[in-house]
Amino acid sequence: VILFSIIYSLSCMTKHFKSFWVLMIGRLLGGIATSLLFSVFEAWLIGAHGSANVMSHLGKSFSSAQYGNSIIAIVAGQIANRAANYAEFKPTSEGSGFYTGGYLGPFDVSMVALILVGILASSLWEENYGEKSADDDDHDDSSKDEKTSAVGALKGAFSTTIRSPDILSCGIISSLFEGSMYIFVFMWTPALTTLSKEELGDEFDSLPFGVIFSTFMVCCMAGSSLFSIAMEKMKPEQLAVIVFGIAATAFALVVFSGSATSTFLAMNLFEMCVGMYFPSMGTMKGMIVPEDKRAAIYNLFRIPLNFIVLFSLLTDLTPRVSFILCGTMMVVATLLQMKLKSRRIQA
């Protein structure tokens with residue numbers, strides 16, 4: 001987590017420079033930090049629950065985290081907007097390649113938040129090295145060298161993933177859902193803008209994107225609250241089937257909707273699924289993925305996810321075709337989750 005804070009802070013700092021290569025280095029650092037963001041925090045949380053013997057509360061913790069994340073996203077949006085308008089975007093001196101103000105303001109605020117994260121993690125968190133599983137005892141000699149390098153850790157994670165149908169299913173399902181989520185992030189703006197222009201014609205000015213984003217986050221909060229309620233009666237494997245099925249329905253409504261209003265409502269339905277997905281998948285992965293390989297396997301899961309997102313961006317798909325792709329991936333995720341649920345129940 002401390003390394004994440006340092007790397008992401010450096011990525012934010014590069015935004016001040018008027019240099020293509022410096023900015024490229026910043027994007028590289030940002031990519032590394034993002035991988036850490038979606039692996040080490042979750043891995044530590046699950047490990048901490050295991051150490052404290054409170055794994056039964058893991059679902060509640062993920063639900064609370066998702067709820068809080070939505071609130072922070074709304075607040076961060078407002079702070080970022082004020083930071084961007086606080087000062088004029090300009091170089092520090094005439095001819096200087098170092099700029100301040102304008103849209104750089106939010107990145108400066110982010111650096112402050114990242115520094116606080118690093119300080120709090122170093123002072124409040126205990127180190128979690130992971131526990132060796134029984135299966136790993138049978139492979140001590142073959143895996144000894146794998147744990148000495150990042151490449152070796154990924155090789156060990158890949159081997160473990162391939163050997164376990166449940167881990168492999170989790171990886172594919174999470175890549176499909178999160179890939180759909182990222183495609184949705186790219187496409188909801190042009191989709192709603194196009195439909196609004198068609199309906200309003202010359203009367204169309206612009207959409208209240210801030211309000212729309214806040215509405216999406218409220219729906220995420222509602223989804224995480226529904227997860228907490230549903231967890232009292234259902235296992236996460238069962239709940240995830242319903243979540244993916246509803247997400248597929250939401251994308252179908254977006255594709256076949258003829259108005260901006262109905263499309264917006266369908267998008268809100270998908271955002272509720274997002275709010276239910278993260279605690280559901282987090283709880284499932286906490287029970288399925290071995291502790292000592294957790295961070296490496298989580299990073300491995302992001303490889304197909306990145307390919308899905310790159311495919312969508314590089315092929316220049318229209319919003320409608322993109323949402324059809326998302327709906328198809330949700331149908332596949334639903335079927336895979338049904339098989340995973342059956343295996344978990346039989347086990």
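Being among the polar types (S, T, N, Q), under 27 Å from THR263 (Cβ atoms) and at pLDDT below 95 is a description that applies to THR318. Remark: pairs (first residue in region 285-314, free of Cβ contacts under 8 Å to residues at least 12 places away in the same chain and open to solvent by 20 Å² or more (accessible area, probe 1.4 Å); second residue assigned to a helix (DSSP H, G or I) and among the polar types (S, T, N, Q); Cβ separation under 7 Å; 6+ apart in sequence or on different chains) are absent.
Among the residues of region 178-205, the one identified as closer than 13 Å to ILE308 by Cα and of a type in the set (S, T, N, Q) is SER180. Of all the listed residues (SER175, SER180), the sole one being in contact with a Pro (Cβ under 7 Å, 6 or more places away or on another chain) and open to solvent by less than 10 Å² (accessible area, probe 1.4 Å) is SER175.
Just one of the listed residues (GLY210, GLY156, GLY201, GLY152) is part of a helix (DSSP H, G or I) and under 27 Å from LEU58 (Cβ atoms), namely GLY156. The single condition from (1) surrounded by fewer than 20 Cβ atoms within 10 Å (Cβ to Cβ); (2) without any contact (Cβ under 8 Å) to a residue 60 or more places away in the chain that MET272 fails is (1). Of all residues in region 1-23, which are touching a helix residue (DSSP H, G or I) at 6+ places or on another chain (Cβ under 9 Å), farther than 25 Å from ALA296 by Cβ and free of Cβ contacts under 8 Å to residues at least 40 places away in the same chain? Scanning region 1-23 gives THR14, VAL22, LEU23. The residue that is modelled with the highest pLDDT, counting only those in region 65-103 that are of a type in the set (S, T, N, Q) and surrounded by 15 or more Cβ atoms within 10 Å (Cβ to Cβ), is THR100. Hey, can you tell me all the residues within region 6-49 that are polar (S, T, N, Q) and outside any helix (DSSP H, G or I)? Matches in region 6-49: SER19, SER39.
The values are calculated or read from the model by the stated rules, or taken from the named source; none is laboratory data. Everything numeric in this text was worked out from a predicted model, so none of it was measured. Glycine also receives a Cβ, built like all others from the backbone with ideal geometry; neighbour counts cover every protein chain displayed. For the accessible areas, the whole protein counts, side chains as well, though only heavy atoms, and no ligand, DNA or RNA atoms are used. Shrake-Rupley method; radii C 1.70, N 1.55, O 1.52, S 1.80 Å.
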